[in-house]
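The values are calculated or read from the model by the stated rules, or taken from the named source; none is laboratory data. Nothing here was measured: the structure is a model prediction, and the numbers come from that model. Please note: Cβ atoms are built from the backbone with ideal geometry, for glycine as well, and neighbour counts cover all protein chains shown. These accessible areas exclude ligands, DNA and RNA; they are computed on the full protein's heavy atoms, side chains included. Shrake-Rupley method; radii C 1.70, N 1.55, O 1.52, S 1.80 Å.
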Amino acid sequence: MEKELRREIILDNYQNPYNKKTIEDSSYIKINTNNESCIDNLDIYFKVEGGFIKDAGFNGEACAISTSATSIMLRGLIGKSISEVKELLKNYINMINEKEYDQDLLKELNVYDEIYLQPNRKNCALLPARAVEKMLKEIENAG
Amino acid sequence: MNREDFEMLKQDIIYFDNSATTLKPKSVVDSITDYYTKFTSNAHRGDYKTSLKVDTLYEGTRDKVKDFLNAESSNEIVFTSGTTNSLNMVVFGFAKYNLKPGDEVIITKTEHASNVLPWLELADELGIRIKYAPLDENLKLRTEDLLKVITPNTKIVSLAHVTNTVGDIRDLEGIGKMLKERNIYFVVDAAQSAGHRKIDVQKMNIDFLAFSAHKMCGPTGTGVLYGKEKLLEKMRPINYGGGMNNFFESDGSREYKSIPTLFEAGTQNIEGVIGLGAAIDYLEAIGFDEIEKHEKELRDYLIDKLSTIENIDVLNKNSEAGNVLFNIKGIFPQDTAIYLDHYNICVRAGNHCAKLLKEELGIKNTCRISLYLYNTKEEIDKLIETLKNSKNIFEVVI
């Protein structure tokens, strides 16, 4: 992806993040992502119904990469089935870790395809992925 | 000053994260290399020459630390893995057996995690109460304000000498005197001060004091617990094993060694202790008056310069030590740190392990510059220039 466009998408999602608000609705699953090595601390909310992500939002403090990645990822997850979420997650993590991945599947998340060039930022980009993993585990444990 | 002694500074970096760890001078590195290349052997073991040399250096460092702190006796110096380990020994080896339910321990909200969490754990275990001394509007602890929380049940006051965030320097002499008059034990976390200013445990009436070698030009993994002899006699070891016992039998009878060896079970961090000795020699040769003066001058210069930049908030303008907390308005501190790193300027972003501070400061995270003897005004000028040009920050960090 062209550098300018990549930066524009990231910055837009950092400055105008998608659905960034506290959701106090007990039908949402709340996941806290708090990474000791970096200082990002986000609460992420998922509404899961009938095996589909119906809604998602987040709130908290985090850097530009973490915030934008969370924004882009959450928007991309809404409407997806759990198995689609798992597939997207796998491909995203592979991309961040320089492994093979399906570019078409990741859509806007492709803006992080060169984050490996800054190894100290990989954790930032992975922050929402870790939250989605936790959410999936909670669903599995509950179900 | 003394920049030529630091190999790391031959690279193109500006190192401003000295509260996290300091760089190591050549003499310290050489002392460790010599141990591994010229006289490797265990301490307290051998009847051969190299082992004797190791013993001499290891115990010689104990004597050096004794003089460094002006302790009464070398028996009061215990080698540990660092400040965290030392403070845990005070809490779980001393306080646990000498405090009773209802007793109070006073700390502050600007303490490092190592001087908070062990106490909170002991409170759950033993039923003691942890109280927080009030801080003034600059988040500093005024000596007289301690009296507001001291009660007849107060048994211990445990404080950082210099806080790793705000950088306020506590009046140890005044506090020590006040606590002595009231028979309250005084525990000091000297992690941020031992390499920066003179400490005199007798003059300051300190009962226990902890510090780490790596924050004062020494190696990581080594630290010291100072304890008054009669208190160390009342402390129990956390670790049991080789090197700390006289004998043990299958019927359970056993006898342990006397202090301080009692607290040094297992093979110790010999290279670390030797390195610590070299670090003390190094710092004392420069002189703590010189180090303090240099840091103060740099700090004032840095605050002056930072204050000229419009979009910078400095959060601890009125502190004394070489820590400066700042944020670029509207920018998450981690992004600032990544931006500065792009220009090889090392600063720390975060809560600096003082997670209670957010309750007082109102903000969770900041960028921290922490200065040391080898930093220069030229380095500060470069930082200021880089911060002034930070309008392009997102072009750099994204």
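Summed over all non-identical Cα pairs, the Kirkwood treatment of the protein assembly as shown gives a radius of 25.9 Å.
Checked against a 21 Å cut-off, the cross-linked pairs B:LYS180/B:LYS203; B:LYS177/B:LYS230; B:LYS109/B:LYS131; B:LYS38/B:LYS215; B:LYS198/B:LYS355 give Cα-Cα distances beyond that limit for B:LYS38/B:LYS215; B:LYS198/B:LYS355. For region A:84-92, 3J(HN,Hα) computed residue by residue from phi via the Karplus equation (6.51, -1.76, 1.60; θ = phi - 60°) reads 5, 4, 4, 5, 5, 4, 4, 5, 5 Hz, glycine and proline entered as x. Partner lysines whose Cα lies under 22 Å from the Cα of B:LYS388, excluding those fewer than 8 positions away in the same chain, are identified as B:LYS305, B:LYS317, B:LYS329, B:LYS377.
Contact order for chain B, expressed relative to its length and based on alpha carbon pairs under 8 Å spaced 6+ residues apart, stands at 22 percent.
Summed over both chains, the area buried between A and B is near 1500 Å², taken from the accessible surface of protein heavy atoms with a 1.4 Å probe. Between B:SER250 and B:ILE13, the modelled label-to-label distance comes to 5.5 nm, taking each label 7 Å out from Cα in the direction of the beta carbon.
Taking every DSSP helix (H) stretch of at least 4 residues in chain B, weighting each as -39,500 (n - 2.57) and dividing the sum by the residue count yields a mean residue ellipticity at 222 nm of -10000 deg cm²/dmol. Considering only beta bridges that DSSP places wholly inside the protein assembly as shown, some 65 percent are antiparallel. Each residue of region B:226-238 was assigned a 3J(HN,Hα) from its phi angle through the Karplus expression (A = 6.51, B = -1.76, C = 1.60, θ = phi - 60°), giving 8, x, 4, 3, 5, 7, 4, 4, 8, 8, 9, x, 8 Hz with x at Gly and Pro.
The residues of chain B expose, per residue, 41 Å² of accessible area to a 1.4 Å probe. 3J(HN,Hα) couplings calculated from phi for region A:12-23 with the Karplus curve 6.51 cos²θ - 1.76 cosθ + 1.60 (θ = phi - 60°) are, in sequence order, 4, 6, 6, 7, 10, x, 6, 6, 8, 6, 7, 10 Hz; Gly and Pro show x. Summing Lys and Arg as +1 and Asp and Glu as -1 over all other residues whose Cβ lies under 12 Å from the Cβ of B:TYR185 gives a net charge of +3. The aspartates and glutamates whose alpha-carbon is closer than 12 Å to the alpha-carbon of B:LYS293, local same-chain residues fewer than 8 away aside, are B:GLU320.
Taking only alpha carbon atoms, region A:89-143 gives an Rg to Rh ratio of 1.03, where Rh is the Kirkwood radius. The listed residues B:ILE169, B:ILE106, A:ILE39 rank as B:ILE169, A:ILE39, B:ILE106 when sorted by accessible area, largest first, using a 1.4 Å probe. Close amide H pairs (under 5 Å, H built 1.01 Å from N) link A:LYS54 with A:LYS47, A:VAL48, A:GLU49, A:GLY79, residues at least 5 positions away or on another chain.
What shape does chain B have by the C-alpha gyration tensor, where a ≥ b ≥ c are the square roots of the eigenvalues, rounded means a/c under 1.5, and otherwise prolate means a/b greater than b/c and oblate the rest? Since a/c reaches 1.5 but b/c is at least a/b, the shape of chain B is classed as oblate.
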